[in-house]
């Protein structure tokens with residue numbers, strides 16, 4: 001289905017964006033430590049107050065965008081033992097109920113994020129002087145993406161007739177296959 005493919009493509013870009021933001025945040029924190037502790041031991045007094053603010057704001061964006069990517073993978077709300085211990089129909093209903101509950105929670109975050117973004121229009125960051133609405137909008141944008149990703153899970157399960165209880169992770173499956181093949185090679 002085109003919608004599911006489009007959402008998955010957007011999520012790939014979001015993963016890259018989160019990785020880049022994490023890299024920038026790491027460099028900024030490293031620079032802050034370098035300036036604060038290393039250079040002061042040599043008598044250099046350089047101030048970099050923007051580093052703490054930028055790292056904090058990047059972390060906020062990382063949490064919400066990363067949460068959206070995790071929502072597509074259904075990594076955040078999985079109690080696999082329960083849904084496989086009960087009959088399949090009950091397990092499916094539990095899983096669907098969990099996704100609907102998540103959608104309600106994401107909608108609440110979305111509304112609160114809009115309120116905070118509106119509040120942020122009247123204030124600026126103390127050091128960087130950027131409007132705080134840029135920071136606060138991470139809540140509503142992330143929650144909106146979480147909503148889209150959770151709906152995509154439900155649509156994908158319905159349209160492609162996938163068992164919604166199946167949350168097999170391709171990376172985990174590949175790692176297990178590699179582990180099993182390495183074990184066979186070592187035994188030979």
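The values are calculated or read from the model by the stated rules, or taken from the named source; none is laboratory data. On a predicted model such as this, the values are computed, not experimentally measured, just so you know. Neighbour counts run over all protein chains shown; Cβ positions are idealised from the backbone, glycine included.
Details
- Residue in the stretch 47-68 that is under 26 Å from residue 26 (Cα atoms), part of a helix (DSSP H, G or I) and in contact with a strand residue (DSSP E or B) (Cβ under 7 Å, 6 or more places away or on another chain) present: no
- Failed condition for residue 29, given (1) exposed (fewer than 12 other Cβ atoms within 10 Å of the Cβ); (2) under 24 Å from residue 132 (Cα atoms); (3) more than 18 Å from the chain's Cα centre (by Cα): (1)
- Only listed residue being touching a helix residue (DSSP H, G or I) at 6+ places or on another chain (Cβ under 6 Å) and either in contact (Cβ under 8 Å) with a residue 12 or more places away in the chain or farther than 21 Å from residue 13 by Cβ (or both), chosen from 91, 97: 91
- Residue within the stretch 10-21 that is in contact (Cβ under 8 Å) with a residue 60 or more places away in the chain, part of a helix (DSSP H, G or I), within 21 Å of residue 161 (Cα to Cα) and under 12 Å from the mean Cα position of the chain (by Cα) present: no
- Residue list for the stretch 118-142, restricted to those being over 13 Å from residue 61 (Cβ atoms) and touching a residue at least 60 places away in the same chain (Cβ under 8 Å): 125, 126, 127, 128
- Unique match (being part of a helix (DSSP H, G or I) and modelled with pLDDT of 95 or more) among 176, 145, 154: 145
- Residue tally, condition out of contact with any helix residue (DSSP H, G or I) (no Cβ under 8 Å at 6 or more places or on another chain) and at negative phi, over the stretch 112-129: 2
- Restricting the stretch 75-132 to residues that are outside any helix (DSSP H, G or I), under 23 Å from the mean Cα position of the chain (by Cα) and under 30 Å from residue 52 (Cβ atoms), the residue that is modelled with the lowest pLDDT is 76.
- Test set (1) closer than 21 Å to residue 127 by Cα; (2) touching a helix residue (DSSP H, G or I) at 6+ places or on another chain (Cβ under 9 Å) - residue 53 fails condition number: (2)
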